[in-house]
Amino acid sequence: MRTSVGIIGAGPAGLLLSHLLHTQGVDTVVLELRDRGYVERRQRAGILEQATVDVLRASGAGERMDRQGLPHHGVELRFDRRSHRIDFPSLTDGRSVTVYAQTEVVKDLIALREAAGGTVLFEAEALSVDGVDTAAPSIRYRHDGAEHTLDCDLVVACDGFHGIGRRAVPEGVLTVSERTYPFSWLGVLADVPPSCEELIYAHHERGFALHSMRSPQVSRLYLQVDPDDTVENWPDERIWDELDTRFAVDADWRLARGPITEKSITPMRSFVAEPMRHGRLFLAGDAAHIVPPTGAKGLNLAVADVTLLARAIGRWAADRDESLLDAYSETALRRVWRAEHFSYTMTTLLHPAPGEGEFDRRLRLSHLRYLASSPAGSATLAENYVGLPVV
Ligand code: APR
Ligand code: PHB
């Protein structure tokens, strides 16, 4: 098989890139390890920055998002048993975010690719990328029990943190920067209307908690837990009791309970591999970088990467001008590192680390009070949360 741009991975990065390139008349093939049902049901984040909404809408992928997405104009920081609202529009020249689940973005993009006759091969496992230093790279993959080769002009690895794309870069070329955190998130989906209109990021001495949502009927909640904890240790009753403790405020507020339909534990990691290009191979999304979810940046970074890359590939496809391809890694990494810093800051701000001393605890509380009370502090949080247009 032959295509112009071979894409590994049908997460948001791979699917959106395929869609954006299609709108510019560039042929792609997407290879995805999992089956379609798995990809469409996998629970992930749900906050879209204004720029992400704009890209989806402008490319014709925003129709359902515009109907079902929930615009959010602020978030609440909760600590010391009090609520502190951060207003986005007044602090960011009118920008906001939209709550629309990543799974829904993925469903919309798959439907669009299907309607346009695009090739997304599910249950196709990329095994290796060859010839990245030549003008004729290829992807070896397994599909329907047989091995095949996809010949390409360019290969884009959108195959997430555990993918194989990054490994095709020769030894010694990539610089990796990373940090793991001494805690994880237990995430649950519950069939109960959210108990708040906006997200609540709560800091409590027993640990962080987050109240998010998927729709007016479905709540998404998270608890900081130990990295070696298991969902078996968390029967529903214990989850609700712990959420009650961490969200407690000196005000008339109650967390509504309902049937929990999903539970999982996710580790927290920061990771950047750079440069995001080697020869004819490009890295995008989680294949190149991971952020802890506290800043809600993972999906938005993936969208920002492939937006840049689609423009660069479009230019190259039209007249073999490689200037934007050459600039891709450096341009993308500026945003990546801003998001890395913001996500790290939000994470250390809101999570007590096991075994930490009084000094760290007092610093964290002071930082929280500053962000909540100073217009400059609030604006820093707000402009990073809604996403910076230029970094
Ligand atoms: N061959 C084919 N596909 C693969 C392979 C492989 N060898 N390895 C991994 N994949 C697929 C995975 O099954 C997955 O569907 O690549 C896809 C990668 O998708 P994501 O992990 O969703 O990554 P990305 O598209 O970069 O999106 C980033 O997703 O992980 C979240 O929080 C993150 O929101 C962020 C977003
Ligand atoms: C989510 O809704 O899943 C979500 C929201 C905000 C975050 C992380 C996850 O910071």
Exercise. Select from Thr347, Leu16, Cys152 the residue farthest towards the positive end of the dipole of the chain; place +1 on Cβ of Lys and Arg, -1 on Cβ of Asp and Glu, and compute about the Cα centre.
Key: Thr347
Quiz prompt | Using alpha-carbon coordinates, inclination of helix 375-386 to the longest axis of the chain, degrees | solution = 40
Quiz item: Under a GNM of the chain (C-alpha, springs under 10 Å), which listed residue has the highest mean-square fluctuation: Glu147, Glu32, Glu76?
Solution: Glu147
Practice problem: Springs between alpha-carbon atoms under 10 Å, Gaussian network over the chain: tell me which of Ala61, Ala288, Ala327 tops the mean-square fluctuations. | Solution: Ala327
Quiz prompt | Selection from Ala284, Ala51, Tyr222 lying farthest towards where the dipole of the chain points positive, charges on Cβ | solution = Ala51
Self-check item: Percent carbon-and-sulfur accessible area, the range 195-288, ignoring ligands, DNA and RNA, probe 1.4 Å
Solution: 46
Quiz item: Amide H to amide H, which residues 5 or more places from Arg2 or on other chains are under 5 Å from it, using H placed in the peptide plane?
Solution: Asp151
Quiz item: In terms of modelled amide H atoms, which long-range or inter-chain residues lie less than 5 Å from the amide H of Gly46?
Solution: Gln102
Quiz item: For Leu199, which sequence-distant residues (separation of 5 or more, or a different chain) have an amide H within less than 5 Å of its own amide H, given hydrogens modelled in the peptide plane?
Solution: Glu76
Quiz item: Stretch Ala116-Asp151 to full length: gain in nm at 0.36 nm per residue minus the Cα-Cα span?
Solution: 10.4 nm
Self-check item: Phi-based couplings in Hz for the range 118-125 (Karplus 6.51, -1.76, 1.60; Gly and Pro marked x)
Solution: x, 9, 10, 8, 7, 6, 10, 9
Quiz item: What translational D, rounded to a whole number of µm²/s, comes out for the chain from Stokes-Einstein when the hydrodynamic radius is the Kirkwood one over Cα pairs, at 4 °C and 1.567 mPa s?
Solution: 60
Quiz item: Assigning unit charges at the beta carbon (Lys, Arg +1; Asp, Glu -1) and nothing else, what dipole magnitude in debye, to the nearest 20, does the range 218-266 show about its Cα centre?
Solution: 260
Practice problem: Using only Cα atoms, tell me the angle between helix 102-115 and the longest principal axis of the chain; keep it within 0 to 90° and round to the nearest 10. | Solution: 30
Quiz item: List the trypsin sites (Lys or Arg not before Pro) in the range 259-340 that DSSP assigns to loop (not H, G, I, E or B) and whose Cβ has at most 16 other Cβ atoms within 10 Å. Which are they?
Solution: Arg320
Practice problem: Find which of Tyr201, Ala116, His367 sits farthest along the positive direction of the dipole of the chain, computed with +1 on the beta-carbon of Lys and Arg, -1 on that of Asp and Glu, about the Cα centre. | Solution: His367
Quiz item: Measuring with a 1.4 Å probe in the full set of protein chains, what accessible area per residue, in whole Å², belongs to the range 192-330?
Solution: 40
Quiz item: Which distance in nm do the two modelled labels at Trp337 and Glu237 give, with both placed 7 Å along the Cα-to-Cβ direction?
Solution: 5.2
Practice problem: With only Lys, Arg, Asp and Glu charged, each at its Cβ (+1 for the first two, -1 for the last two), find how big the charge dipole of the chain is about the Cα centre; round to the nearest 20 debye. | Solution: 540
Exercise. Evaluate the distance, in nm, between pseudo-label points positioned 7 Å from the Cα of Asp229 and of Ser373 along their respective Cα→Cβ axes.
Key: 3.0
Quiz prompt | FRET efficiency, Arg269 to Arg320 (Cβ-Cβ, R0 35 Å, nearest 0.05) | solution = 0.35
Quiz item: Carbon and sulfur together cover what percent of the accessible area of the range 19-161 at a 1.4 Å probe radius?
Solution: 46
Quiz prompt | Charge context of Arg320, other residues only, Cβ under 13 angstrom, K/R +1, D/E -1 | solution = -4
Quiz item: At 222 nm, what helix-only mean residue ellipticity would the chain give, in deg cm²/dmol to the nearest 500, using -39500 (n - 2.57) for each DSSP H run of four or more?
Solution: -11500 deg cm²/dmol
Quiz item: Pick from Arg246, Arg95, Arg238: which residue has the top mean-square fluctuation in a GNM of the chain where Cα pairs under 10 Å get a spring?
Solution: Arg238
Quiz item: How much of the DSSP beta bridge set in the chain is antiparallel, as a percent to the nearest 5?
Solution: 75
Quiz item: Which loop-located trypsin sites (Lys or Arg not before Pro) does the range 104-207 contain, where loop means any DSSP state but H, G, I, E or B and the Cβ has at most 16 other Cβ atoms within 10 Å?
Solution: Arg206
Quiz item: How much length is gained if the chain between Asp250 and Asp35 is pulled fully straight, taking 0.36 nm per residue apart and subtracting their Cα-Cα distance, in nm to one decimal?
Solution: 72.6 nm
Self-check item: J(HN,Hα) series, the range 3-18, from Karplus relation 6.51 cos²θ - 1.76 cosθ + 1.60, nearest Hz, glycine and proline x
Solution: 8, 6, 10, x, 10, 9, x, 10, x, x, 5, x, 5, 5, 4, 4
Quiz item: Taking the Cα centre of the range 200-284 as origin and charging only Cβ (+1 Lys, Arg; -1 Asp, Glu), how large is the dipole, in debye to the nearest 20?
Solution: 640
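The values are calculated or read from the model by the stated rules, or taken from the named source; none is laboratory data. Note that the structure is predicted; figures quoted are calculated from it, not measured. Note: ideal-geometry Cβ built from the backbone for every residue, glycine included; neighbour counts use all protein chains shown. Quick note on the areas: whole protein, heavy atoms, side chains included, nothing else; ligands and nucleic acids left out. Shrake-Rupley method; radii C 1.70, N 1.55, O 1.52, S 1.80 Å.
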